[in-house]
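Structure record follows, encoded as structure tokens.
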Amino acid sequence: MGINDNLYTLLASHFPGDDTLPCMILSDGRVWTYGDVERASGRIANLLTALGLKPGDRVAAQVEKTPEALLLYLATLRAGMVFLPLNPAYQRKEIEYFLGDAEPGLFVCRPQNRAVADDLARKLGVPQVLALDDDGRGSLIDAAAAHADAFKTVARRGQDLACILYTSGTTGRSKGAMLSHRNLAANARVLHAYWHFQPGDVLLHMLPIYHVHGLFVACHCALLNGSAMLFEPKFDAARALRLLPEATVFMGVPTYYVRLLNEPGFSRANCANMRLFVSGSAPLLKETFDEFKLRSGHTILERYGMTEGGMFTSNPYQGERRGDSVGFPLPGIDVCIVDDADQPVPTDQIGHLLVKGDSVFCGYWRMPEKTREEFTADSYFRTGDMGKLDADGYLSIIGRYKDLVISGGLNIYPREIEELIDLLPGVAESAVIGLPHPDLGEAVTAVVVRKKNAHGAALSEAGIVAALRGELAGFKLPKRVHFVEYLPRNAMGKVLKGELRRRQYL
Ligand code: MCA
Ligand code: AMP
């Protein structure tokens, strides 16, 4: 154990000596300096402690992207507590599950959801609720204002938990991936070095901060570099065009690159100051990679990772970046491709992608059985992805063994939607698949068999989507619903989703 393995201590040790330098530059011109970040995170950390929360307690946050939301994350680290970020799109039932499972000591919500949050807190025994609005104001900040700026970051061991991030399960309940200070620090250090972060770098930050990509990959690299982030509330292609000349690094999901290319004005001129474009979270089409090179003069660096361990592989910074590959295992990460019996397959053969290494998570929160199932006898984590290593050592993601749709970089588990559709009157059965979509990569598509009764006859595409709205986050709603006579099944009775995808319903 180091003296203090708290991730914040590592990040802060790289903050610039001059604390008047910018950390976050906002769209309205306001600036949060590194000194401001240290002081404001100190106030919130003092508040968390004064509220009676103890190291190891969970702090759940379902808030919009603001500097204050990032400060809440940093304050939670400093106070030795465990951060649990939640997508603001989640609806009541989804939140109820997360709060019930994680049992946080504090839930920070948006003011417009306060009544629901209070109700859930009472029901589930969450002791405290505070609010943070979309402009960074609210009872969290008001209460923190009464506290001192100075806070001595709580010492943590490397294996102590820093965050829990929920990932939906292919079957049954969502699982909380437990990430330790060591997991996050290892990945942050490796990416910072591998992508050659350097003095003067400015990160154009347009990703949400409730996921690994925006919160860990992007922010940790910038903070470890003492860099400024152009901290935008969300991705907006036209605004990206205006800001790229002020930035040197950009990170995005493939949809961001598709949308940049859809901007007629996007050209080499916008990117003259840029050093690095990183893509991940979903497959980047080769045609997007090629067109981007042509239009911008830059070769996108594609990398691959997961909530359960951050980034596992990356194309090289200096060597050849390939458009149909996610590159090499990162330092400290071991990648292995195996067959159904967990035996390594030869080069160029497709198999199950397994990973091992410092950043790989500590297991699923309160699910020891599920955790055991996802690791092999020799401690490799089963990613559920289908991969292939070539003779040069480049990894390609060929597909997924897991039943998962990735839409605009967000994961959607079909089972969760199918279960709700199947409950609707008139539905005999359903299958949810991802179909190719020019903007989102994959679009959630429901295939439904009607019951042979009046309810079945009354079912409509709009009716089904309307019935799901409010039950599920908007990004999970089917973009299309198709009605069929029956679902194709194999001899075991399993729905043939590959066959449904091939039909495409075009
Ligand atoms: C929003 N909507 C979506 C999505 N996002 N529908 C499908 N897929 C989506 N991803 C729906 C909303 O519910 C709404 O529907 C309508 O689109 C407009 O919402 P809005 O928020 O205005 O949309 P947008 O601004 O165009 O957002 C699309 C987006 C965004 C920019 C692609 O989803 C995004 O920033 N995605 C990135 C997610 C991300 O960070 N992924 C990394 C995960 P309605 O009108 O019906 O209400 S980390 C990860 O995967 C691993 C670790 C990794 O490797 O990085
Ligand atoms: P999540 O569970 O949200 O962390 O999503 C992780 C999943 O996203 C991985 O298991 C992959 O299926 C997918 N993914 C992430 N990066 C890439 C990439 N560069 N290419 C293909 N799939 C990716």
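The values are calculated or read from the model by the stated rules, or taken from the named source; none is laboratory data. Predicted model only: the values in this text are computed from it and were never measured. With ideal geometry, Cβ positions are generated from the backbone for all residues, glycine too; neighbour counts draw on all protein chains shown. Remember, those area values only see protein heavy atoms, side chains included, never the ligands or the DNA or RNA. Shrake-Rupley method; radii C 1.70, N 1.55, O 1.52, S 1.80 Å.
Take residue 96, project a point 7 Å from its Cα along the Cβ direction, then tell me which residues of the stretch 406-437 have their backbone nitrogen under 19 Å from it. Only 416-425 pass the distance filter. Taken about its Cα centre, the stretch 135-257 carries a charge dipole of roughly 480 debye when the Cβ of each Lys and Arg holds +1 and the Cβ of each Asp and Glu holds -1. Let a ≥ b ≥ c be the square roots of the eigenvalues of the Cα gyration tensor of the stretch 351-428; is it rounded (a/c under 1.5), or, if not, prolate (a/b larger than b/c) or oblate? Verdict is oblate for the stretch 351-428. Maximal additional length on extending the residue 21-residue 469 stretch stands at 156.9 nm, based on 0.36 nm per residue less the C-alpha distance.
Near residue 345, once Lys and Arg are set to +1 and Asp and Glu to -1 for all other residues with Cβ below 13 Å from its Cβ, the sum equals -4.
Largest first, the residues 32, 195 sort by 1.4 Å accessible area into 32, 195.
Projecting the alpha carbon convex hull of the chain along each direction and taking the average yields 24.4 nm². The spread of Cα positions in the stretch 200-314, taken along each principal axis and listed from longest to shortest, comes to 36, 29, 22 Å.
Max-minus-min Cα coordinates of the stretch 69-118 on each principal axis give 30, 22, 17 Å, with the largest extent listed first.
Ligands, DNA and RNA are left out, and with a 1.4 angstrom probe the accessible area of the stretch 281-430 is 43 Å² per residue. Label-to-label distance for residue 494 and residue 349 is 2.0 nm, based on points extended 7 Å past Cα in the beta-carbon direction. Looking at the stretch 353-396, what % of the alpha carbon pairs are farther apart than 11 Å? Roughly 70 percent, rounded to a whole number.
Building the convex hull from the alpha-carbon atoms of the stretch 322-381 and averaging its projection over directions returns 5.2 nm². Highest mean first, the peptides 304-312, 34-42 sorted by other C-beta atoms within 10 Å per residue fall in the order 304-312, 34-42. If you plug the beta carbon distance of residue 152 and residue 317 into 1/(1 + (r/R0)^6) with R0 = 30 Å, you get a FRET efficiency near 0.25.
Taking 291, 442 and ordering them by how much accessible surface each has at a 1.4 Å probe, largest first, produces 291, 442. Working note: Debye formula, equal point scatterers on the alpha-carbon atoms of the stretch 1-129, no solvent; log10 I(q)/I(0) at q = 0.10, 0.13, 0.23 Å⁻¹ is -0.36, -0.59, -1.34.
Here the relative contact order of the stretch 139-218, from alpha carbon pairs under 8 Å that lie six or more residues apart, stands at 20 percent. Other residues lying with their Cβ under 12 Å from the Cβ of residue 248 contribute a combined charge of -1, Lys and Arg counting +1, Asp and Glu -1. FRET efficiency for the pair residue 402 and residue 503, taken as 1/(1 + (r/R0)^6) with r the Cβ-Cβ distance and R0 = 25 Å, rounds to 0.75.
When peptides 482-488, 283-289 are sorted by average Cβ neighbour count within 10 Å, with the highest value leading, the order is 283-289, 482-488. When a 1.4 Å probe is rolled over the protein heavy atoms, the share of accessible surface on the chain that falls to carbon and sulfur comes to 53 percent. Rolling a 1.4 Å probe across the protein heavy atoms gives the stretch 134-266 an accessible surface of 35 Å² per residue.
Once the Cβ-Cβ distance between residue 14 and residue 340 is put in as r, and R0 is 56 Å, what FRET efficiency do you end up with, to the nearest 0.05? The pair residue 14/residue 340 has a calculated efficiency of 0.80.
Among the trypsin sites (Lys or Arg not before Pro) in the stretch 73-158, those located in a DSSP loop and surrounded by at most 14 other Cβ atoms within 10 Å of their own Cβ are 137, 152, 157. The amide H of residue 61, built 1.01 Å from its N in the peptide plane, has 84, 86, 108 as neighbours under 5 Å, considering only residues 5 or more places off or on other chains.
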